[in-house]
Every structure is written in C-alpha cells, then in structure tokens.
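Written out below as structure tokens is the structure these notes cover.
The values are calculated or read from the model by the stated rules, or taken from the named source; none is laboratory data. None of the values given here were measured: they were computed from a predicted structure. A quick note on method: Cβ atoms are made from the backbone with ideal geometry, for glycine too, and the neighbour counts reach across all protein chains shown.
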Amino acid sequence: MALSNHFRILLFMTIFSLLLVAPYARRTGTGPCPSGSQTATDSTTCTINCFRADPVCGVNGVTYSCGCPEAACNHVTVAYRGACRNNGRSGAF
C-alpha cells in the first residue's frame with residue numbers, strides 16, 4: 001500500500017511539472033519571437049491575418065502592429081516586443 005501512495009505522489013508531481021512547463025515548450029528561439037516566425041520567403045506573397053494588435057519593434061525602428069509575422073514579411077528582425085520607443089513610426093497595418 002505504501003508503494004501505491006509513493007507512486008501516486010510521483011505521478012502527481014510528474015503531471016504537475018509537465019503542466020507547468022508546457023506553455024514554454026513551443027518557444028524555442030532566443031529572441032522575442034517564436035522560432036520559425038521570422039522566416040519569410042517573398043514579401044509579395046505574405047498574407048497576415050491580424051485579428052488583434054500585438055506590436056513589436058523592428059531593428060529598423062519601425063513598429064509592426066501585427067507582430068512577428070508582419071516583421072518577418074518585411075524581412076526585419078524584431079528587437080523587442082511592444083511599440084518602438086524612438087520616433088513613433090509604424091509599419092503597414
């Protein structure tokens with residue numbers, strides 16, 4: 001019976017740990033955007049469905065309101081999340 005209780009505790013701790021880590025498992029890049037979201041092939045074929053604003057600041061000082069996908073379509077690396085703090089310019093929306 002004691003082994004059963006230890007097993008239950010171990011099982012609970014394992015599941016609890018996985019639930020804590022799961023939200024962070026998809027983000028593997030080191031920058032502000034998830035890996036793979038900053039690769040665009042041709043900006044003329046990029047289609048962005050922007051349902052809510054998620055601004056990011058590009059290294060060029062331009063704010064991209066639709067976030068990482070919009071910056072990627074413009075072949076710009078994201079410097080940080082949020083609107084640019086410099087001159088208020090913004091990318092196409």
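Matching residues to (1) modelled with pLDDT of 80 or more; (2) surrounded by 12 or more Cβ atoms within 10 Å (Cβ to Cβ); (3) not hydrophobic (A, V, I, L, M, F, W, C):
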| site | (1), (2), (3) |
| --- | --- |
| L19 | no, no, no |
| F51 | yes, no, no |
| Y64 | yes, yes, yes |
| S90 | no, yes, yes |
Candidates A40, A71, A83, filtered to the one that is modelled with pLDDT of 80 or more, under 16 Å from the mean Cα position of the chain (by Cα) and either part of a loop (DSSP other than H, G, I, E, B) or charged (D, E, K, R) (or both): A83
